[in-house]
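Each remark here refers to the structure printed beneath this line.
The values are calculated or read from the model by the stated rules, or taken from the named source; none is laboratory data. Values in this document were obtained by computation on a predicted structure and should not be read as measured data. Because the Cβ atoms are built from the backbone with ideal geometry, glycine has one as well, and the counts that use them run over all protein chains shown. Keep in mind that these areas ignore ligands, DNA and RNA; they rest on the heavy atoms of the full protein, side chains included. Shrake-Rupley method; radii C 1.70, N 1.55, O 1.52, S 1.80 Å.
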There are 2 protein chains.
Amino acid sequence: MWNERLTWVKALKSAVPETLKTPLEVAAFEAGQVCGSVRFEVRKDWREDYEILPDQDGYAVIGGETGVLNGAYALIRGLETGKIPQGRKTPFYPLRMLDCWDNMDGTVERGYAGRSMWFEGGAFDYDPARIRQLGRMLASCGVNVVCVNNVNVHQPAQHLTDSLLPDLARFAAVLRPFGISLMLSIDFSQPMQEGLPTADPLDSRVAAWWAERAAAVWAAIPDLKGFLVKADSEHRPGPNAYGRTHAQGANMLARAIRPYGGQLVWRAFVYNCLQDWRDTKTDRPRAAYDLYQPMDGQFDDNVTVQVKYGPFDFQVREPLSPLLLGMKKTRLALEVQLAQEYTGHQIDLFAMPCLWQDIFRRMGPEKVQAVAAVSNLGRDDNWTGHPFAALNLYAFGRFAWAPDAEPEQVIREWVKLTYDLSAEQAEALSRLLLQSPRTYEKYTANLGLCWMVRPHDHYGPSPYGYEFDAWGTYNRASRDAVGIDRTETGTGYVSQYPAALKELYENPRTCPDKLLLFFHRLPYDFIMKDGRTLIQRLYDDHFEGAAEAEDMRAVLSALSLPEADKAEALERMDRQIRNAREWRDVTNTFFHRLSGVDDKKGRKIYE
Amino acid sequence: MWNERLTWVKALKSAVPETLKTPLEVAAFEAGQVCGSVRFEVRKDWREDYEILPDQDGYAVIGGETGVLNGAYALIRGLETGKIPQGRKTPFYPLRMLDCWDNMDGTVERGYAGRSMWFEGGAFDYDPARIRQLGRMLASCGVNVVCVNNVNVHQPAQHLTDSLLPDLARFAAVLRPFGISLMLSIDFSQPMQEGLPTADPLDSRVAAWWAERAAAVWAAIPDLKGFLVKADSEHRPGPNAYGRTHAQGANMLARAIRPYGGQLVWRAFVYNCLQDWRDTKTDRPRAAYDLYQPMDGQFDDNVTVQVKYGPFDFQVREPLSPLLLGMKKTRLALEVQLAQEYTGHQIDLFAMPCLWQDIFRRMGPEKVQAVAAVSNLGRDDNWTGHPFAALNLYAFGRFAWAPDAEPEQVIREWVKLTYDLSAEQAEALSRLLLQSPRTYEKYTANLGLCWMVRPHDHYGPSPYGYEFDAWGTYNRASRDAVGIDRTETGTGYVSQYPAALKELYENPRTCPDKLLLFFHRLPYDFIMKDGRTLIQRLYDDHFEGAAEAEDMRAVLSALSLPEADKAEALERMDRQIRNAREWRDVTNTFFHRLSGVDDKKGRKIYE
C-alpha cells in the first residue's frame, strides 16, 4: 500500500470505492464529497461534453456518458477555485493520451519517479486502490487514454496481446469507471516472433496474423483505444526492412483494428541514428519532415501520426516541428514529454505550460487532432518524484482540453487545488513555477543550444558530450563561432516551414533569441538585438540562471507546504542549485576557452 | 566444453590428465610430449629455480618442487625456439600474479574476452579441463599466483571466505599441480556484514574476527597465497572511515594471516574521485605518493603495497609512478593491466612489452618485489578476445621472470610458439606486433595526453569526455594551449621523483616527447625537438597512426594463420581501422577548432 499523496485532488478525501463501475456512478460519488446537491443528466450524444447549470440548492451537470464525470470534476474544481465554468464544454482534442514508457521488468524508461506503478518482474503487479486514485487524477485533469507499455517494446510485453491479455483486461477494468481507456504499444516484428517468416506489411499472412490478433485483443477489451507503434527508429523493426513505406506499414495495422474502432498511432520519431558527425549535409531536424511529408494523404483515416513538438527530441527549446504544419491531409498527434529527460529529471523545477503555450500558439488549433504526453509518473509516494512536477501532468490535461489556456491561470489553479496556502504564498509559489523554465533554460541551453548534456543520462552539462557522436546532435562550437546554419544556404531545414515562419527564422535579426543558435551559426562577437555580444549573452544567461536558482530557494523555504512536500522540494532544490552552478561554470569555461573573450562584468570564469 | 584453442602451448597436443597431482608429475608428462628422454631431479631448496643440462640422449632438469615444472616448460620452449637456457635460472619476482576482475555473477570488470571462466550465476562454474589448460598456459609462461575474484568485491564473493570455501578449495586443487596458488580479494568491511558493529582495524573484535576467518581459510587451502585489498578507493570501504591509516588497516590483516605465511597485498590506487575540475591545485597523479610515501616503513613485512605502473590508471602512456621509486622500506608490487581497458579493448592491436621495458628500465630491479597484471582472459574460445592479445599474457610472465627481457625477443618467441609460419611471415607478424603500441599511441593519446576517451567504456575518442568530471582527469585544452603544468611551479607533481628524473621531466626541452603534455602545458606553437610545432605534431601523429593502422591490414591479410585466428584478427582489424579514423578525425577537428591552425600538409581536417 502506498503512502497516499494527493496533489491536485486534495478536496476528495474519500477514495473511489471499487464497487463503482461507470463514470456516472463515480461522478455522483465525487461530486457528493464536495457539494451537497448535484443532479446528473446523461445525454448519450454529448460523449465527453458537459455543462454545469445552477439547480435549486446546488447544481445540475448535463453530459455525455463520460461527460458527466468531466462535469463533476469541473464542478469540484470550480467550487475550489471559485470559477464555475459557463456553457457547454467540449474537449479540443478528442484523444488526450498519457504515454507510459513502463517496461514489464518494472523499470520506466526515462522515469524519474520510481518504478512502474503496474509492472514488476515481467508481470502486472499493482495496488488497485492506487490505480483508482490514478484514474481519478487523470480524469479530473482531462487525460482520457493511457498507453500502458513502453514504445520500445521489450519482452515479455509482446505477450500483452495474447497470454497476458486477461491481465490487461483486468487492468483496463480498473480505469474504465473513470472514462479512461487503454492504448497498447506493439512490436512491428511480432508476427516473426511467433512463427511467421516475415513481418512484411504487404504479405497477406502478416495482415491475417494481425487481423486475428486484433480480434482476440478487442474481444478481451472492447473499448481498447488502439495500438501505438515506434517503427524503423533507433534500431526498432519496421516496414523499411521490407522496402515498404511507413504508410504501408501503418495502414496494414490500421485495417486490422478498424473493425473495432481501433486507432493506429504511428510515431514519426524516425531519423538516422548512425549519422557521421563529419557529414555537414545531413541534418537530423530535417529527417521527420523529409520522410513523412511526401506521404501526406497516404494514411488511412484511423491512422494518427504522432509527432514530437520539436524536430529533435524534447530539448529545452526547439522550434515547433514543421511536420505539424506540413501534413494537411493526415491526422496528427502532438507529442510532449512530461518526464523531464532533458529538463532536470524532476529534480530541477521546470513548469511546462509556457513551453506549451509557445507550441500551441504557433501550431494553430486546426492542424492537429490529438495530443500525447510521455508520462512523468512512477511508484514514488508523491507520484512524480518532485511534488511540483505533478503540475505538468495536470496542466497537460488542461491544455489538452483547451490549448488556448493561459499558463499563469493553469499554474495558479494547480497551486490552489493542491495546497492550502495564503493568497500571498500561493502567488509566490505560482510565480516560482512560472519562472522555473526560463531559469532552467538560462543556465542550461540558452539561445536554442541543444544537446550540451551529459551523454546517456542527460542530466548535467557536457558541452561536447554529443558533439562527435552518431546521433546528429552537434553545436560545432569553435574558437570563432557556434551553432548550425539551418537557413536556406545552410542545411535548408528552415525551408520546411510555411513562408511566414521561414522568413522569421531565416534572418538572425528576426529569429527569436531563444532559437537563435538553433537556426544560425554566429560568431561570438555577433551583436544581439539588445546590443550585447553573443558571447556576453551566453555568459550573462548562465550567471543569471544559476543566481535565479539560488534565489528560488529562499522563496521555497518561506512556503507553508505539507512537511513531506516541503522536505522533498527543498532537498531537490539543493541539488538543482548544484546542478545550476555546474552548468554555469562548465558552459562559461567551455566558451571562454574557445573564444578567449573575458566576461565584461568580471565575474568568475574558471580556467 | 570449450572449443580448444592453444596459443603459445601448441606443441603440447595432449591435455594434462586430472590424475596428475604434483608439478613433478606434470613436468614429466609435458616434457614427454616433446622430448623422448628427460630426467628430473628435485632439490627442495631450489623452490622455483631450475637448470637444464644435457643428459645422455636427452636432458636432465634439476629444480625445486615447482622449479622442475618451470624447467620442463623452459625445455619445451627451448626445443621449439632452438635456444635451451644455460645455467641455473631464478625468477626475478617471486610473486607473479594474475589479478582477475571476475565477478561471481559471471561478468568480468573491464573484461574483453567474454564472461568469467570460473564464475557464473553467483557460484563457481567451470570446465576443469579448461582450468587445467589455463594452468598449463600460466605455468609455462611464468605466472605463479591467480587472484580469483575482482578487487571490487561484490556479493556473494564475500562468502569465498566461509560458505564458498569448499568450492574455492576444489578450484585451488585444479591449479595446484601447475605450481599455481590462489590469492583472494577481500572486502575490508566484511566483519560488519557478519554481525560486528565496526570494521575498525584497531578494534580487537575486528582483529579477532579476521584471525578466526584466516584460520578457517588456510585450513581449507593451506597454500593460499594471501589476501588482496582495495580499500578507501572509488567508494570502497577502508580504514580511513575509522580515522586509521592504511598501514594500520593493512597490518591488522597481515597479522591475521601471518601464522599461515599469508601475504597481504594492499592496492595503492587511492585518490579523490570526487574532485572538482575548477580546483587546479589538487592533482590526481600526486595522490598515491602523497598518501603512501609518509607511511614508508610502517607496513609489516608480509604486506605488499601494489602500485599501478603510472600515477593515473593504465593510460596509454604515463610516466612511472614515483611511488615505485619512493618507498625504500616497503615491499612493493608493480601492477600492469593486460586487459586493454584504455588500449583498444582487445579489438585494436596493442602489444605491451615495449611499454614494460620502458617501465622496468626506469624502475631499476631493486625497488620492487612483486608484479601483478590485471588479466585479459575470459570464456572466449581463443582466451583473450583478440587471438594476438594472448601475447601480452605470455610476455607478462616472461618479463616477470626476467624484467631485462628484450621486447623483440619475447614477441618473436610467442609468434614461434603460437603459429607455424615461414621465417619471413613470422618476422612480419612480429614486426606488426612490435609496431602496434606506437601506432595506437599515435592515433589516440600522443605526447602523454591522457583521458581523451569516451566516458565509462573507454573505447573511442572523446577529447572533453573527462574534462569537467569529478575524476581528476583534465587536459584543459583551450584556444591557446593544452596540457597540465606538473612542474614545480605548476602542481609540483614532478617533485615526487628522484632528482635525475625530476630534472629530466621538469624541462620541456629534455622531457621525452611521449610525456611532454603529461608534464607541461604548452602553446600550440611550441617548437618540438624536431622543429615541428606542437599543433603540427598533434596532427601528424594522428594522420600517421590512422594510416599505419590501415597499412597493418595488408600485412595481416598476407599471413598464413589458422583460419579462426585469421578471421578474428581481420574482423578486429577492420574495427581498429574505423576506430583509428575516428580518433584521427575527432582529435584533429577538436584541436583545429580550438587552435584555428591549419594542417601544414593540407590533409583533411573536418569542420
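Using 1/(1 + (r/R0)^6) with R0 = 60 angstrom and r between the beta carbons of A:T90 and B:D300, what's the FRET efficiency to the nearest 0.05? Please report the intermediate quantities before stating the final value.
On the way: r = 83 Å, r/R0 = 1.38.
About 0.10, to the nearest 0.05.
What fraction of the DSSP beta bridges in the stretch A:82-198 is antiparallel, stated in percent and rounded to the nearest 5?
In the stretch A:82-198, DSSP labels about 35 percent of beta bridges as antiparallel.
Would you give the gap between the C-alpha center of the stretch B:532-607 and the C-alpha center of the stretch B:359-422, rounded to a whole Å?
26 Å
Using only helices, what value at 222 nm comes out for chain B when you add -39,500 (n - 2.57) per DSSP H run of length 4 or more and divide by the total residues, to the nearest 500 deg cm²/dmol?
Values: 17 runs with 218 residues, N = 607.
After summing the helix terms and dividing by residue count, I get -11500 deg cm²/dmol.
Measure off 7 Å from each Cα along the Cα-to-Cβ vector at A:E41 and A:T510, then give the distance between these two points in nanometres to one decimal.
Output for this residue pair reads 5.2 nm.
Enter the accessible area per residue of the stretch B:285-421 (Å², integer; probe 1.4 Å; all protein chains in place). Walk me through the numbers before you get to the answer.
Numbers: 3540 Å² over 137 residues.
For the stretch B:285-421, the solvent-accessible area averages 26 Å² per residue.
Is the stretch A:222-351 best put as rounded, prolate or oblate by its Cα gyration tensor, with a ≥ b ≥ c the root eigenvalues, rounded for a/c under 1.5, and otherwise prolate when a/b is larger than b/c, oblate when not?
Numbers: a/c = 1.86, a/b = 1.30, b/c = 1.44.
It comes out oblate by the Cα gyration axes.
Which parts of the stretch A:234-282, residue by residue, lose 50 Å² or more of accessible area when the rest of the protein chains are there, as against the chain isolated (1.4 Å probe)?
Residues meeting the cut-off: A:W277, A:R278.
Between copies, how far does the label point of B:A500 sit from its twins, in nm, shortest first, when each point is 7 Å from Cα along Cα→Cβ?
8.1
Taking the stretch A:64-115, which trypsin sites (Lys or Arg not before Pro) meet the DSSP loop condition and have no more than 15 other C-beta atoms within 10 Å? Could you put the intermediate results ahead of the total?
Numbers: sites: A:R77, A:K83, A:R88, A:K89, A:R96, A:R110, A:R115; in loops: A:K83, A:R88, A:R110, A:R115.
Counting only loop positions with at most 15 other Cβ atoms within 10 Å, the trypsin sites (Lys or Arg not before Pro) in the stretch A:64-115 are A:K83, A:R88.
Which residues, if any, in the stretch B:570-607 lose at least 40 square angstrom of accessible heavy-atom surface (probe 1.4 Å) when the other protein chains sit next to their chain rather than the chain being alone?
For the stretch B:570-607, once contacts with the other chains are taken into account, B:E582, B:V586, B:R593, B:Y606, B:E607 lose 40 Å² or more.
Just to be sure I understand the interface: list residues from the stretch B:432-473 that lose 40 Å² or more of accessible area between the chain on its own and the complete protein assembly, 1.4 Å probe.
B:Y464, B:F468
Using the Cβ atoms and a cut-off under 15 Å, what net charge is assigned to the surroundings of A:E30, where Lys and Arg are +1 and Asp and Glu are -1?
Details: positive: A:K10, A:K13, A:K21, A:R39, A:R77, A:R132, A:R136; negative: A:E18, A:E25, A:E80.
Computed value for this residue: +4.
At 7 Å along Cα-to-Cβ for each site, give me the label-to-label distance between B:Y260 and A:R575 in nm.
If labels sit at B:Y260 and A:R575, their model points lie 4.4 nm apart.
Can you say what percent of the DSSP beta bridges in chain B, counting only those with both residues inside, are antiparallel? Round to 5. Mind showing how you got there, number by number?
Values: 14 of 51 bridges.
Once the DSSP bridges in chain B are tallied, antiparallel ones form about 25 percent.
Quick one: label points 7 angstrom along Cα→Cβ at B:D55, distances to the other copies in nm, smallest first?
Here the equivalent label points are 10.9 nm apart from this one.
Where in chain A are the DSSP H helices whose C-alpha atoms run 18 Å or more along the long axis and whose mean Kyte hydropathy is at least -1.0?
Values: long enough: A:67-81 (20 Å, 0.60); A:128-141 (20 Å, 0.02); A:204-220 (24 Å, 0.40); A:423-443 (30 Å, -0.78); A:534-557 (35 Å, -0.30); A:563-595 (47 Å, -1.25).
Membrane-span-like by this criterion, though nothing is claimed about a membrane: A:67-81, A:128-141, A:204-220, A:423-443, A:534-557.
Long-range amide H contacts for B:V336: which residues qualify at under 5 Å (H placed 1.01 Å from N, peptide plane, sequence gap of 5 or more or a different chain)?
B:A372, B:A373, B:V374
Percent of accessible area on the protein assembly as shown owned by carbon and sulfur, 1.4 Å probe?
Details: 21580 of 42600 Å².
It is 51 percent, rounded to a whole number.
With both partners inside the protein assembly as shown, how many of the DSSP beta bridges are antiparallel, as a percent to the nearest 5?
Details: 28 of 102 bridges.
Of the beta bridges lying entirely in the protein assembly as shown, close to 25 percent run antiparallel.
Using the Cβ atoms and a cut-off under 10 Å, what net charge is assigned to the surroundings of A:D55, where Lys and Arg are +1 and Asp and Glu are -1?
Details: positive: A:R39; negative: A:E41, A:D57.
Within the 10 Å Cβ shell, the charges total -1.
How big a patch of accessible area, both sides summed and in Å² to the nearest 100, lies buried between A and B at a 1.4 Å probe? Kindly include the intermediate steps, with their values, before the conclusion.
Values: alone 22430 and 22410 Å², together 42600 Å².
So the total buried area for this chain pair works out to about 2200 Å².
What FRET efficiency, computed as 1/(1 + (r/R0)^6) with R0 = 41 Å and r the Cβ-Cβ distance, is obtained for B:E109 and B:Q56, rounded to the nearest 0.05?
Details: r = 51 Å, r/R0 = 1.25.
For B:E109 and B:Q56, the calculated efficiency is 0.20.
Pull out a ≥ b ≥ c, the square roots of the eigenvalues of the alpha-carbon gyration tensor of chain B, then state rounded if a/c is under 1.5, prolate if not and a/b is larger than b/c, and oblate in the remaining case.
oblate
Looking at the square roots a ≥ b ≥ c of the eigenvalues of the Cα gyration tensor of the stretch B:317-396, which shape do they give, rounded for a/c under 1.5, prolate if a/b is larger than b/c, or oblate? Spell out each step's value before the answer.
Values: a/c = 2.72, a/b = 2.14, b/c = 1.27.
Prolate, since a/c reaches 1.5 and a/b exceeds b/c.
Any idea of the accessible area per residue across the stretch B:27-70, 1.4 Å probe, to the nearest Å²? Before the final figure, lay out each step's value.
Numbers: 2180 Å² over 44 residues.
Ligands and nucleic acids excluded, the figure is 49 Å² per residue.
Considering the zone a paramagnetic label at A:R603 would reach in this model (a point 7 Å from Cα along the Cα-to-Cβ line), which residues of the stretch A:422-453 have amide N under 11 Å from it?
A:443
Ignoring ligands and nucleic acids, what accessible area does B:W210 show with a 1.4 Å probe (Å², nearest 10)?
0 Å²
Suppose you put the label 7 Å out from Cα in the Cβ direction; list, shortest first and in nm with one decimal, how far A:L196 is from each other copy's label.
Spacings between copies for this position, smallest first, are 6.4 nm.
Within the stretch A:176-276, list the GluC sites (Glu not before Pro) lying in a DSSP loop whose Cβ has at most 14 other Cβ atoms in a 10 Å radius.
Working: sites: A:E194, A:E212, A:E234; in loops: A:E194, A:E234.
Those satisfying the criteria are A:E194, A:E234.
Using only Cα atoms, locate the centre of the stretch A:19-71 and the centre of the stretch B:88-102, then give the distance between them in Å, rounded to an integer.
Distance between centres, Cα-based: 82 Å.
Please calculate the 1.4 Å probe accessible area of A:F299, with all protein chains present, and give it to the nearest 10 Å².
20 Å²
Send over a whole-number figure in Å² for the accessible area per residue of the stretch B:96-154, probe 1.4 Å. Please report the intermediate quantities before stating the final value.
On the way: 1290 Å² over 59 residues.
Normalised by residue count, the accessible surface of the stretch B:96-154 is 22 Å².
Considering only protein heavy atoms, what is the solvent-accessible area of A:C273 at a probe of 1.4 Å, reported in Å² to the nearest 10?
A:C273 exposes around 10 Å² with every protein chain in place.
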